[in-house]
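Quick notes on the structure that follows.
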Amino acid sequence: MLIIVGGLLPAGGVSGSSALWGVLLGSFRAAASRTVGPAVSRVRTRGRNRARSPAVVPSRAGVDPRPCRGIRVVDVENEMRSIGEMARDSGLGVSALRFYDRAGVLVPDRVDPVSGYRWYAPGQLDEARLLARLRRAGMPLADIRLVLAGWAGADTDLVRQLLQAHLRRLQQGLTDARDEFSALLALLDQRENLMTSPRTDTTVRLTLPGPRLAAALDAVRFAAGTDPELPMLGGIHLDLDDGRLRVVATDRYRMAVAHVPADGHDGPRVRGTVPLPLADAMRALLDGDHGARLALDGDRVTLEAGDRQTAGQCLGHDFPDYRRLVRLPAGRRVPVDVPAFRKAVRGGPVREQDAGAGDLSVLRVSDDGSVAVTGDGATGQDLVAVNRAFLLEALAAGARDRLLLEFGAPTAPLAVRRPDDEHTFSLLMPVRLES
């Protein structure tokens, strides 16, 4: 078949060769007669699946229907895959496919010059699946290039050597990690013999403002851990010290800290971690403006509000030293209008990432001091990628129409702070971008 892309006939027709015009017209009519209707594919837009308009996506075989385009006959084989279809069939995410396209590792067979849509040939599926396996095995990008280049060749010695060399690196890394962990566990055993429990047998009773305690629980609840393998994180930590009750939760990937004034307490530091079901029961009691009476008695906690009471055992695990984790160098604080920023995050572009990182929102501070949610093609050292769902939850827990986002080093957590409360904030761990 004769394929013409972007051909524009002069107004006066084709001079000098009526035979050529006949060939062109015949190809045009033949292609048009085979058009069986627009192919509607699905793309991900703002977190939802939407059908692409036939005016944007060319038919599988047919004439470009858009006006002022001249004769543009496009014949795409039925087996060609869109980037979404290739992601589904290969195991590589859409963002990964775009990254490998930019890196020149897996380049689409065709890119629509108008829409920019990527199309992959049938033979590229096996190559993408091979790439996915190498990626899951953690092979460096430079070696991946060589493996893909030599995979289809008759001489596979180079590919075999690269695979075996990477396997040896993995095995050596595992051996080294085992040695280091054995030494760390031995040191930990020595420390445990010298350490004392942070819990105390002294009973502490204090009266707290109920609304303040309710707000503190609301500010941290979203960050509590649910991993059964880390039961010490499966609750909300109460830390009474220096006339202030700090309320803390973390699941390793995010941390939230709030505080409640505890005037009148001048005794020793008292700590305990309340299991999530008990913490939720405590929060349910705090539905009015009255005060709350909190008692910490060893490993037992009791909360009274009005004529109602709830009580239970603290977790039998020590909570990590969160104070070390929140000591961060000062970063750049950028104010955001929360309703507008939340809308931008929800409707903005996301990047997909493996290893359960979820959809990522990639943020950048613009020259005018505003925070932008960047697209997939954005690059640079000033990008900060965080789990989008975590970011939305942190914005909601901030409970303000204006919040401060604090950007530090590329590997430092993103802090979400209240402008009127320095002691209530959340931290989101950044995710390293593949690019």
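Numerical summary
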| read-out | value |
| --- | --- |
| Checklist (1) closer than 17 Å to residue 99 by Cα; (2) touching a helix residue (DSSP H, G or I) at 6+ places or on another chain (Cβ under 9 Å); (3) not small (Gly, Ala, Ser) applied to residue 145, failing item | (2) |
| Qualifying positions in the stretch 383-407 - small (Gly, Ala, Ser) and more than 18 Å from the chain's Cα centre (by Cα) | 397, 398, 399 |
| Tally of residues being open to solvent by 40 Å² or more (accessible area, probe 1.4 Å) and in contact with a Leu (Cβ under 6 Å, 6 or more places away or on another chain) across the stretch 409-430 | 1 |
| Any chance residue 116 is small (Gly, Ala, Ser), at pLDDT 85 or above and assigned to a loop (DSSP other than H, G, I, E, B) | yes |
| Leading residue by the ranking (most open to solvent (accessible area, probe 1.4 Å)) among those in the stretch 272-292 that are under 14 Å from residue 311 (Cα atoms) and part of a strand (DSSP E or B) | 275 |
| The lone exception for residue 290 - which of (1) more than 31 Å from the chain's Cα centre (by Cα); (2) under 30 Å from residue 414 (Cβ atoms) it fails | (2) |
| Number of the condition not met by residue 265 [criteria: (1) part of a strand (DSSP E or B); (2) of a type outside the set (Phe, Trp, Tyr); (3) in contact (Cβ under 8 Å) with a residue 24 or more places away in the chain; (4) more than 21 Å from residue 418 (Cβ to Cβ)] | (1) |
| Candidates 368, 376 - the one that is open to solvent by less than 30 Å² (accessible area, probe 1.4 Å) and in a loop (DSSP other than H, G, I, E, B) | 376 |
| Output for the stretch 205-236, where each listed residue is in contact with a Pro (Cβ under 8 Å, 6 or more places away or on another chain) and open to solvent by 60 Å² or more (accessible area, probe 1.4 Å) | 212 |
| Matching entry among 337, 359, 382 (being surrounded by fewer than 17 Cβ atoms within 10 Å (Cβ to Cβ), in contact (Cβ under 8 Å) with a residue 12 or more places away in the chain, in contact with a helix residue (DSSP H, G or I) (Cβ under 8 Å, 6 or more places away or on another chain) and more than 27 Å from residue 245 (Cβ to Cβ)) | 359 |
| Leading residue by the ranking (most open to solvent (accessible area, probe 1.4 Å)) among those in the stretch 340-355 that are at pLDDT 85 or above and not in a loop (DSSP other than H, G, I, E, B) | 343 |
| Conditions (1) at pLDDT below 80; (2) open to solvent by 90 Å² or more (accessible area, probe 1.4 Å); number of the one not met by residue 200 | (2) |
| Test: residue 137 is out of contact with any Pro (no Cβ under 6 Å at 6 or more places or on another chain), at pLDDT 85 or above and surrounded by 11 or more Cβ atoms within 10 Å (Cβ to Cβ) | yes |
| Meets criteria (open to solvent by 40 Å² or more (accessible area, probe 1.4 Å) and among the aromatic types (Phe, Trp, Tyr)) for residue 390 | yes |
| Which listed residue is part of a helix (DSSP H, G or I) and either under 14 Å from residue 140 (Cα atoms) or of a type in the set (Lys, Arg) (or both), from 158, 187, 162, 174 | 162 |
| One residue from 328, 315 being closer than 18 Å to residue 223 by Cβ, at pLDDT below 95 and either part of a helix (DSSP H, G or I) or open to solvent by 40 Å² or more (accessible area, probe 1.4 Å) (or both) | 328 |
| Condition broken by residue 132, with the remaining ones in (1) in a helix (DSSP H, G or I); (2) out of contact with any Gly (no Cβ under 7 Å at 6 or more places or on another chain) satisfied | (2) |
| Residue within the stretch 296-303 that is part of a strand (DSSP E or B), open to solvent by less than 40 Å² (accessible area, probe 1.4 Å) and over 21 Å from residue 232 (Cβ atoms) present | yes |
| Residue list for the stretch 279-298, filter: of a type in the set (D, E, K, R) and touching an Asp or Glu at 6+ places or on another chain (Cβ under 9 Å) | 283, 293, 297 |
| In the stretch 121-134, residue farthest from residue 171 (Cα to Cα) [restricted to those that are touching a helix residue (DSSP H, G or I) at 6+ places or on another chain (Cβ under 7 Å) and open to solvent by less than 80 Å² (accessible area, probe 1.4 Å)] | 125 |
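The values are calculated or read from the model by the stated rules, or taken from the named source; none is laboratory data. Small disclaimer: the values here were computed from a predicted structure and weren't measured. No Cβ is skipped: glycine too gets one built from the backbone with ideal geometry, and neighbour counts run over all protein chains shown. Surface accessibility is based on the protein's heavy atoms, side chains included, excluding ligands, DNA and RNA. Shrake-Rupley method; radii C 1.70, N 1.55, O 1.52, S 1.80 Å.
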